[in-house]
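One structure is given here, and the rest of the page talks about it.
The values are calculated or read from the model by the stated rules, or taken from the named source; none is laboratory data. These numbers come from a predicted model, not from an experiment. All Cβ positions, even for glycine, are placed from backbone atoms using ideal geometry, and neighbour counts span all protein chains on display.
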Amino acid sequence: MHQSSLTRFLLVLTILLLPHWASAETWYVKKSSTKLQAKASARSEVLSKLQKGTAVKVKKKAGKFFQVSTGGKTGWVFRFKLSKKAPAGGQADGDVLATLGGEQKMNARESASGSSIRGLSPISEQHARKKGATDESIQAVKNMETFKVRPEELDRFLEEGKLGEYSQ
């Protein structure tokens, strides 16, 4: 190839690839233990688990998954586990109120059982009693507040129900 032809070829190649290089956005992991997977599938091998606030470079989008790179690894993450904004605070930053309350704005498809069950506030309990709720029903709701679901159980539930990242 002639020198000027090679130069033109490299210039054209650079121009064509520039949008791809420039489009690598930085996103952030919203929740600790987010799975970085080998393929764009919830059933794929887990390469590692990412911590809340980890910055990732989005390389490609495929359906409900983003191909990302971080810490020298490249893999796929369910898109609703990522945010364009860095999450406020860390996982264990000592702010108990932020941990309990956190930012409550989320899409219904992003909610998890832990963020959906809030129990009865004293005002809600008072209202329930006025509407005829029994002591047994009120106690049942209070008992739900202490119920914990392990991440593995939630993952199995989502997979069996073909929900969330398993809904392909």
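Assorted remarks:
- Only residues that are in contact (Cβ under 8 Å) with a residue 40 or more places away in the chain and in contact with a Gly (Cβ under 9 Å, 6 or more places away or on another chain) were counted in region 141-157, giving 1.
- Looking across region 40-54, just one residue is closer than 17 Å to Tyr166 by Cα and under 14 Å from the mean Cα position of the chain (by Cα), and that is Ala42.
- Region 56-83: number of residues that are out of contact with any Leu (no Cβ under 7 Å at 6 or more places or on another chain), of a type in the set (D, E, K, R) and assigned to a strand (DSSP E or B): 4
- Unmet requirement for Phe80, which otherwise passes all of (1) out of contact with any Ser or Thr (no Cβ under 7 Å at 6 or more places or on another chain); (2) more than 20 Å from Arg150 (Cα to Cα): (2)
- From Val149, Val141, Val58, Val96, residue being modelled with pLDDT of 95 or more and among the β-branched types (Val, Ile, Thr): Val58
- Selection from region 46-58 of residues that are out of contact with any Lys or Arg (no Cβ under 6 Å at 6 or more places or on another chain) and buried (at least 16 other Cβ atoms within 10 Å of the Cβ): Leu50, Gly53, Thr54, Val56, Val58
- Matching entry among Ser33, Ser23 (being within 17 Å of Tyr166 (Cβ to Cβ), modelled with pLDDT under 95 and either exposed (fewer than 15 other Cβ atoms within 10 Å of the Cβ) or in the same structural domain as Pro151 (by TED's automatic domain parsing) (or both)): Ser33
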